[in-house]
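All remarks here apply to the structure that follows.
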Amino acid sequence: QLSLFRFTVKRPFSTSHSSVDSKEMKKFQLLAHKWWDEEGEYAALHSMNDIRVPFIRDTLLSMSSNYHLGNPLSGIRILDVGCGGGLLSEPLGRLGASVTGIDPVEDNIRTADRHKSFDPVLAKRIQYKSSSLEEIVEESMETFDVIVASEVVEHVADLEMFIKCCSQVLKPDGSLFITTINKTQLSYVLGIVVAEKIMGIVPEGTHDWEKFVPPEELEYLLESNGFSVKTVSGMLYNPLSGSWSWTKSTSLNYAVHAVKAGAPSHATDTPPETDTQQRSATAGTA
Amino acid sequence: SSAAMAALRGRPLLAPLGARLRAGPRAPLRSAASAPPLYDVVVSGGGMVGSAMAAVLGHDIHFYDKKIALLEAGPRKDYNHLPDSYSNRVSSISPGSATLLSSCGAWDHVCSLRLKPFRRMQVWDACSEAMIVFEKDDLDDMGYIVENDVIMSALTKQLDAVADRVEVFYRSKAVGYTWPLPSHSCGTSPWVQVELADGRRLQTKLLIGADGHNSVVRKEAEIQNLEHQYDQSAVVATLHLSEATDNNVAWQRFLPTGPIALLPLSDTASSLVWSTSHDHASELLAMDEESFVDSINSAFWSNINHSDFIDAAGAMFRSAISLLKPSGSAVRQLPPSVARVDPESRAMFPLGMGHATEYVQHRVALIGDAAHRVHPLAGQGVNLGFGDIACLAHHLSAAAFNGSDLGSLKHLLRFETERQRHNVSLIAATDVLKRLYSTTLAPLVLLRTWGLQATNALPPVK
């Protein structure tokens, strides 16, 4: 029997989630029930599927030789970090992948679990867990073929730690897909002022410009932690049509595809870094 | 006319999608164990359009692992033994429709059964000499006349070929539908619930209504339908010609009571579609076979409706055109004369036009006559339905390959926009033509005479 209305006791947030920012978590908690309204607060994320799903799908198809008719991602294990209500996990599941979605906000996981439960095929292919990335590292070393971290890295407290953990749970030659927002004057004007305060494309307070990540910095962190960056591509949202498209300029939103090195990964015995990140002085061009 | 077209479109530019919600009972949530079987797509209506929709999806590579159901109220028909005599229900199939049927492997079956290609269409007025001829420059086939039973036989074969993906439910009339809310709240199922007459239930992520011009899906979804019953019925029959001929021309003459068309079936047989007043239609059905045949020949050959004035005006216009464009008037061919009619092949059915203001809602799409009903004078009815299928299948295939929820309005609206843009102008034009040709009033006859002659002379307009 599905017992959807039994509320589990909330675990208090542990302070050892060093890549999770508790202020960020609170923001998303308030909107947990709005995820699946295609025309609501998360409309832009829903329509982002129109470009990010084909991007992931086609990249993975081009790297593999077998193709299962009707299930292009069959046999691929994907970790969706910061899965929210499951907006990206579900399409990946429908394409045949085995998806594990993690999110520190329990209400999000509850919403995601409930939404997938109506479709028996998805219910089997997707597993959700309320957890941070660090918490699953130990039990998931080199487990996943693919990690997707879409619209997540601009919310994490420690980006390098996050990338190190991604490397640990990824199989060698595994793929990492990131979509995020650049830190530029343009992204402040359009991404914060216009998108949040004026047009309400994004719920107000969602983003903190200080945490936006320039692609140069992201590339540097990836390359110095065992990844090889294969693709960086700009993304552009058209608020009038409500649709996304690919663009040359990465001054606003952009997507990255990186591949973990094929050599066996070495386990890091050193404790995670707690120093504040030195941000690169050069911001992206406007 | 542009106001009529705007009304036909039926929707303001930025109508909130919340307007697509229906009030009414929602399905309660059941546990997975007792829930009715869940399909990805349910097509309601097993006619030519519904069957083709199911067959095309069943043969789509991105639907390889999907579950499709086709609901047909009638029993499964045995199409294995086609009678020697032709059926009186035929359709004019455009090359585009032939391509669609090819894509699911059905066209090969049609060709191996029987069909008649035609190269030319001659359309002319009973009240004047005005005539318009359609033919392709390369003398390729313009279209095909195919019996509806032949199309159904081919589609049934192709549905059988994908029986692991497409389940056909015969003798299964859908009697009720329960609609979900788009962003579903707890306690309600997100899928469309379908209730069959025998009490069985199905759930589906997308319901496609292909259940004809009195569509139950459309009515239950509370989609407004702009409809108009013409004061005409169509009389159909299978005719035998006086002498064998190449018979690769489709003929249509506009009489004041309505257009009469002769569609080739073979070198010696043609199908009749005569749209006329209800009274005249009943008379035609009641009269003996000889009188019936005489009426048909007279309709095609008689010049009783000509007036000297119109003839003179028409002739003058024609010479003017030939000065400007010497090749602008085509050679007039003469239609074949009819010798006899197949007994038992005479039938009639009433005509009307209709257009749904919306083709889609959350988890619902309408195709074929459920979405639009048109006068047969343009020979377009089933081709519009096949065009709907090609467009919807294209969008659903892309959605499946993107892992999208098949019932999502996002791609359904794209289908609606594309098809309404195409269909509305054709339906409006057909309606206008029907009205324009239903009169003997001199000014209108002159207008259409000159209009037809001018159109015949100007390829772009044609």
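The values are calculated or read from the model by the stated rules, or taken from the named source; none is laboratory data. Fair warning: this is a prediction, and the values are worked out from it, not measured in the lab. Note that we place each Cβ from the backbone using ideal geometry, even for glycine, and neighbour counts take in every protein chain shown.
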Within the set of pairs 6+ apart or on separate chains, which have a first residue in the stretch B:100-116 that is free of Cβ contacts under 8 Å to residues at least 40 places away in the same chain and assigned to a helix (DSSP H, G or I), a second that is among the hydrophobic types (A, V, I, L, M, F, W, C) and surrounded by fewer than 21 Cβ atoms within 10 Å (Cβ to Cβ), and C-beta atoms under 8 Å apart?
none
Those residues of the stretch A:100-131 which are assigned to a loop (DSSP other than H, G, I, E, B) and either aliphatic (A, V, I, L, M) or closer than 24 Å to residue A:71 by Cα (or both), in sequence order:
A:105, A:118, A:119
Can you name the residue in the stretch B:212-259 that is over 18 Å from the mean Cα position of the chain (by Cα) and polar (S, T, N, Q) and is also nearest to residue B:178 (Cα to Cα) among such residues?
B:224
Would you call residue B:84 within 14 Å of chain A (Cβ to nearest Cβ), assigned to a loop (DSSP other than H, G, I, E, B) and not aromatic (Phe, Trp, Tyr)?
no
Residue by residue through the stretch A:219-243, note down the ones that are part of a helix (DSSP H, G or I) and either of a type in the set (Ser, Thr, Tyr) or under 23 Å from residue A:44 (Cα atoms) (or both).
A:220
Only one of (1) touching a Ser or Thr at 6+ places or on another chain (Cβ under 9 Å); (2) farther than 19 Å from residue B:157 by Cα; (3) among the polar types (S, T, N, Q); (4) crowded, with 17+ Cβ neighbours inside 10 Å fails for residue B:97. Which number is that?
(2)
Criterion first (within 28 Å of residue B:41 (Cβ to Cβ) and more than 14 Å from every other protein chain (Cβ to nearest Cβ)) does residue B:92 satisfy it?
no
Could you look through the stretch A:226-242, keep only residues that are touching a strand residue (DSSP E or B) at 6+ places or on another chain (Cβ under 9 Å) and either polar (S, T, N, Q) or more than 15 Å from residue A:51 (Cα to Cα) (or both), and pick out the one that is surrounded by the most Cβ atoms within 10 Å (Cβ to Cβ)?
A:227
Can we say residue B:355 is at pLDDT below 95, buried (at least 23 other Cβ atoms within 10 Å of the Cβ), more than 14 Å from every other protein chain (Cβ to nearest Cβ) and not in a loop (DSSP other than H, G, I, E, B)?
yes
Unique match (being more than 11 Å from every other protein chain (Cβ to nearest Cβ) and under 22 Å from residue A:158 (Cα atoms)) among A:136, A:109, A:126
A:136
Looking only at the stretch A:126-135, count how many residues are surrounded by fewer than 23 Cβ atoms within 10 Å (Cβ to Cβ) and within 26 Å of residue A:55 (Cα to Cα).
2
Scan the stretch A:182-225 residue by residue and report those that are aliphatic (A, V, I, L, M) and surrounded by fewer than 19 Cβ atoms within 10 Å (Cβ to Cβ).
A:186, A:189, A:193, A:194, A:198, A:199, A:201
Would a scan of the stretch B:413-431 turn up a residue that is modelled with pLDDT of 95 or more and hydrophobic (A, V, I, L, M, F, W, C)?
yes
Give all pairs with beta carbons closer than 9 Å in which a residue from the stretch B:191-217 that is touching a residue at least 24 places away in the same chain (Cβ under 8 Å) and within 30 Å of residue B:352 (Cα to Cα) meets a residue that is among the basic types (Lys, Arg) and buried (at least 21 other Cβ atoms within 10 Å of the Cβ); count only pairs at least 6 apart in sequence or on separate chains.
B:206/B:363; B:207/B:363; B:209/B:218; B:211/B:218; B:212/B:373; B:213/B:373
Of all residues in the stretch A:1-30 being under 16 Å from the mean Cα position of the chain (by Cα) and at pLDDT below 75, which is nearest to the other protein chains (Cβ to nearest Cβ)?
A:28
Flagged in the stretch A:92-106 as over 14 Å from the mean Cα position of the chain (by Cα) and within 12 Å of chain B (Cβ to nearest Cβ), in numbering order, are A:93, A:94, A:95, A:96, A:97
Can you tell which of B:54, B:126, B:106, B:69 is crowded, with 18+ Cβ neighbours inside 10 Å, over 30 Å from residue B:259 (Cα atoms), touching a Pro at 6+ places or on another chain (Cβ under 9 Å) and more than 14 Å from chain A (Cβ to nearest Cβ)?
B:69
In the stretch A:31-76, which residues are assigned to a loop (DSSP other than H, G, I, E, B), buried (at least 19 other Cβ atoms within 10 Å of the Cβ) and more than 12 Å from chain B (Cβ to nearest Cβ)?
A:31, A:76
Among the residues of the stretch B:104-132, how many are out of contact with any His (no Cβ under 7 Å at 6 or more places or on another chain) and small (Gly, Ala, Ser)?
4
